[in-house]
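Below is one structure; the comments refer to it alone.
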Amino acid sequence: MSALLELRGIRKSFGGIRALAGASFAIERPGIYGLIGPNGAGKTTLFDCVAGRQVPDDGEILIAGRGVEGWRPERLAALGLARSFQECRVFPEWTLRDNLLFALRPRGVGAALLRSFTRRAALPAAAGDEAMRLLKLASLERYADAPASLLSFGQRRLLEITAALIGRPQLLLLDEPASGINPGLIAVLADLLRQVHRDQGGVFLIVEHNMEFIMGLADHIVVMHEGAVLAQGPPDVVRADPVVIDAYLG
Ligand SMILES: Nc1ncnc2c1ncn2[C@@H]1O[C@H](COP(=O)(O)OP(=O)(O)OP(=O)(O)O)[C@@H](O)[C@H]1O
Ligand SMILES: [Mg+2]
């Protein structure tokens with residue numbers, strides 16, 4: 001059977017900077033996976049390649065056995081991929097509900113149509129229920145009809161993540177979801193991801209520097225260093241690996 005996600009020898013340089021130097025790993029089973037490594041290790045570049053924001057210079061990316069290098073983000077979304085960005089992205093003037101419903105729009109709906117789209121009955125009734133279910137899991141339901149600009153930074157992060165979750169992605173990429181948010185909301189975030197993964201399965205691949213968060217959440221950790229995979233395994237094994245301690249955990 002094909003791996004759910006497989007990277008084979010991915011290389012990517014920006015001018016003289018080698019961001020990815022032959023990164024390879026395979027995810028065979030549904031689960032929550034952590035991707036860790038020092039600043040500049042290539043984690044975001046790897047996400048950008050998988051999510052179609054960057055085209056690798058070399059190597060193969062396979063999703064469920066299908067080669068997807070160079071696919072555009074919209075086409076990858078149709079295959080079940082969703083992501084969040086290292087910098088938080090929500091529409092501040094829109095309500096939380098509209099932010100979530102927008103994430104469910106059919107591919108190709110342009111910016112000018114967005115507002116009218118989320119207001120009209122173009123979405124199945126179940127979409128509204130699904131939005132409320134996720135807002136509740138993120139402890140945001142009381143703000144459903146308020147503009148996102150009223151939220152704290154951490155709450156915006158949670159909103160962005162619920163927007164990535166609402167399409168029930170089979171492959172979810174989150175880039176530093178816990179960064180800059182307070183411990184109380186980090187606990188909400190961990191519970192949200194655990195609960196949604198329990199309900200709908202798939203592969204959640206999460207880049208994170210917060211070791212307590214990711215080691216407690218992920219079933220399996222992949223460690224990157226200088227553009228390649230340095231080690232991988234269950235959190236306890238990776239945490240105790242002298243090579244990983246040397247390169248990153250110090
Ligand atoms: N668009 C770009 N142009 C030039 N250099 C880039 C670009 N994107 C990334 N790089 C460089 O590639 C290397 C890998 O960067 P990347 O952002 O993938 O690392 P990272 O592991 O996500 O780091 P961090 O933990 O700090 O987010 C770094 O040296 C970075 O400066
Ligand atoms: Mg990064």
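The values are calculated or read from the model by the stated rules, or taken from the named source; none is laboratory data. Owing to the predicted nature of the structure, the values given are computational and were not obtained by experimental measurement. Ideal geometry is used to build each Cβ from the backbone, glycine not excepted, and the neighbour counts take in all protein chains shown. Each accessible area value is taken on the protein alone, full model and side chains, heavy atoms only, with ligands, DNA and RNA left out. Shrake-Rupley method; radii C 1.70, N 1.55, O 1.52, S 1.80 Å.
In segment 175-229, how many residues are within 16 Å of ligand 2 (Cβ to nearest atom) and either assigned to a loop (DSSP other than H, G, I, E, B) or open to solvent by 10 Å² or more (accessible area, probe 1.4 Å) (or both)?
Selection size over segment 175-229: 15.
Only one of Gly22, Gly16, Gly67 is within 15 Å of ligand 1 (Cβ to nearest atom) and modelled with pLDDT of 95 or more. Can you tell me which?
Numbers: Gly16 fails: modelled with pLDDT of 95 or more; Gly67 fails: within 15 Å of ligand 1 (Cβ to nearest atom).
Going through Gly22, Gly16, Gly67 in turn, the sole match is Gly22.
Output the residues belonging to segment 164-174 that are in contact with an Asp or Glu (Cβ under 9 Å, 6 or more places away or on another chain) and buried (at least 20 other Cβ atoms within 10 Å of the Cβ). Walk me through it before giving the result.
Of segment 164-174, the ones in contact with an Asp or Glu (Cβ under 9 Å, 6 or more places away or on another chain) are 166, 168, 174.
Listed by number, the residues that qualify are Ile166, Leu174.
Answer yes or no as to whether Gly128 is touching a Leu at 6+ places or on another chain (Cβ under 8 Å) and closer than 25 Å to Ala51 by Cβ. Walk me through it before giving the result.
Working: touching a Leu at 6+ places or on another chain (Cβ under 8 Å): yes; closer than 25 Å to Ala51 by Cβ: no.
In short, no.
Quick check on my filter: what residues within segment 149-163 are assigned to a helix (DSSP H, G or I), surrounded by fewer than 21 Cβ atoms within 10 Å (Cβ to Cβ) and hydrophobic (A, V, I, L, M, F, W, C)?
Hits for segment 149-163 are Leu150, Phe153.
Just to be sure, is Leu35 of a type outside the set (Gly, Ala, Ser), open to solvent by less than 70 Å² (accessible area, probe 1.4 Å) and near ligand 1 (Cβ under 8 Å from one of its atoms)?
Working: of a type outside the set (Gly, Ala, Ser): yes; open to solvent by less than 70 Å² (accessible area, probe 1.4 Å): yes; near ligand 1 (Cβ under 8 Å from one of its atoms): no.
Criteria not met by Leu35.
Within segment 53-87, track down each residue that is within 16 Å of ligand 2 (Cβ to nearest atom), open to solvent by less than 20 Å² (accessible area, probe 1.4 Å) and more than 13 Å from the chain's Cα centre (by Cα). Before you say what the answer is, go through the steps one by one.
First, the residues of segment 53-87 that are within 16 Å of ligand 2 (Cβ to nearest atom): 53-54, 83-87.
Within this subset, residues satisfying the condition of being open to solvent by less than 20 Å² (accessible area, probe 1.4 Å) are 84.
None - no residue of segment 53-87 is within 16 Å of ligand 2 (Cβ to nearest atom), open to solvent by less than 20 Å² (accessible area, probe 1.4 Å) and more than 13 Å from the chain's Cα centre (by Cα), so the list stays empty.
The rows are residues; the columns are (1) at pLDDT below 95; (2) not assigned by TED's automatic domain parsing to the domain that holds Phe91.
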{"position": "Asp145", "(1), (2)": "no, no"}
{"position": "Ala148", "(1), (2)": "no, no"}
{"position": "Leu158", "(1), (2)": "no, no"}
{"position": "Ala164", "(1), (2)": "yes, no"}
{"position": "Leu193", "(1), (2)": "no, yes"}
{"position": "Val196", "(1), (2)": "no, yes"}
{"position": "Val207", "(1), (2)": "no, yes"}
{"position": "Met211", "(1), (2)": "no, yes"}
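Quick check on segment 38-52: of everything there that is open to solvent by 10 Å² or more (accessible area, probe 1.4 Å) and more than 9 Å from ligand 2 (Cβ to nearest atom), which residue is nearest to the chain's Cα centre (by Cα)?
Asp48
Filtering segment 1-27 down to residues that are of a type in the set (D, E, K, R) and over 18 Å from the mean Cα position of the chain (by Cα), which residue is surrounded by the most Cβ atoms within 10 Å (Cβ to Cβ)?
So in segment 1-27, the residues of a type in the set (D, E, K, R) come out as 6, 8, 11-12, 18.
Checking which are over 18 Å from the mean Cα position of the chain (by Cα) leaves us with 8, 11-12, 18.
Numbers: Arg8: 16, Arg11: 17, Lys12: 22, Arg18: 17.
Result: Lys12.
When you go through (1) within 13 Å of ligand 1 (Cβ to nearest atom); (2) closer than 24 Å to Gly22 by Cβ one by one for Val238, which number turns out not to apply?
Status for Val238: all satisfied but (1).
Only one of Pro242, Pro235 is in contact (Cβ under 8 Å) with a residue 60 or more places away in the chain and more than 17 Å from the chain's Cα centre (by Cα); which?
Values: Pro242 fails: in contact (Cβ under 8 Å) with a residue 60 or more places away in the chain.
Only one candidate qualifies: Pro235.
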